1. Looking only at segment 114-125, decide whether some residue is of a type in the set (S, T, N, Q), modelled with pLDDT of 95 or more and in contact with a helix residue (DSSP H, G or I) (Cβ under 6 Å, 6 or more places away or on another chain).
2. Could you grab me the full set of residues in segment 131-158 that are in a helix (DSSP H, G or I) and in contact with a Phe, Trp or Tyr (Cβ under 8 Å, 6 or more places away or on another chain)?
3. Just checking, which of ALA73, ALA62, ALA68 is farther than 28 Å from ALA25 by Cβ, aliphatic (A, V, I, L, M) and in a helix (DSSP H, G or I)?
4. Just to be sure before I move on: is SER58 in contact with a helix residue (DSSP H, G or I) (Cβ under 6 Å, 6 or more places away or on another chain), over 22 Å from SER154 (Cβ atoms) and either of a type in the set (S, T, N, Q) or at pLDDT 95 or above (or both) in the structure I sent?
5. Which of the residues that make up segment 92-130 are buried (at least 19 other Cβ atoms within 10 Å of the Cβ) and assigned to a loop (DSSP other than H, G, I, E, B)?
6. In this structure, is LYS77 over 18 Å from the mean Cα position of the chain (by Cα) and surrounded by fewer than 20 Cβ atoms within 10 Å (Cβ to Cβ)?
7. Which one of these is in contact with a Lys or Arg (Cβ under 9 Å, 6 or more places away or on another chain) and over 24 Å from ALA109 (Cβ atoms): ALA62, ALA51?
Amino acid sequence: MTRHGWTLAGIGAAFVLAGATWAWAQSPAQMVDQRQEIMKALFPQYYRDIAAVVRGQSTDLANVATKASAASAELKKSATLFPAGTGRDAVPKSRAKPEIWTQRAEFEAALTQLIAATDAVGEAAKSNNLDGVKAGWLKVAEACGGCHGGPPKSGGKFRFEEQ
């Protein structure tokens with residue numbers, strides 16, 4: 001297995017182990033609330049500043065590195081908040097589709113891809129590589145769309161449409 005493959009396998013194992021720990025510490029409703037808060041905060045608290053650099057509205061690559069690192073940490077935390085029993089059947093306000101659990105490997109791969117893309121943006125920013133930030137940002141957007149399928153109110157492969 002390549003080094004990258006071992007890294008992805010390690011992240012996946014961490015998701016499973018951390019998810020089991022969270023499942024014992026929080027109720028399903030608390031986990032849904034927390035993962036929704038994380039997802040709602042991603043753009044306004046982290047990705048907006050990255051997008052501003054990509055659009056030429058800012059040149060603050062140091063801030064991009066900081067925001068990408070913080071976003072990645074939040075995404076890793078969110079990965080622990082999807083144990084079985086936290087779907088719409090248990091918590092009606094959840095927008096998580098059953099496919100998260102029936103296609104678990106695909107869901108974890110999609111989340112791992114988003115984390116890796118976010119990390120790549122941060123690394124490019126640390127290297128003062130604006131072109132790398134822009135290229136990485138496209139991968140972040142693609143990874144977001146892989147689960148959500150569109151704007152915040154839309155549905156997608158792993159998320160019900162907002163009602």
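The values are calculated or read from the model by the stated rules, or taken from the named source; none is laboratory data. From a predicted model like this one, the values you see are computed outputs, not experimental measurements. We place every Cβ from the backbone using ideal geometry, glycine too, and count neighbours over all the protein chains shown.
1. Yes, segment 114-125 has at least one match.
2. Residues satisfying the conditions are VAL140, CYS147, HIS148.
3. ALA62
4. yes
5. SER94, ARG95, LYS97
6. Taking the combined requirement at face value, the residue does not satisfy it.
7. The conditions single out ALA62.
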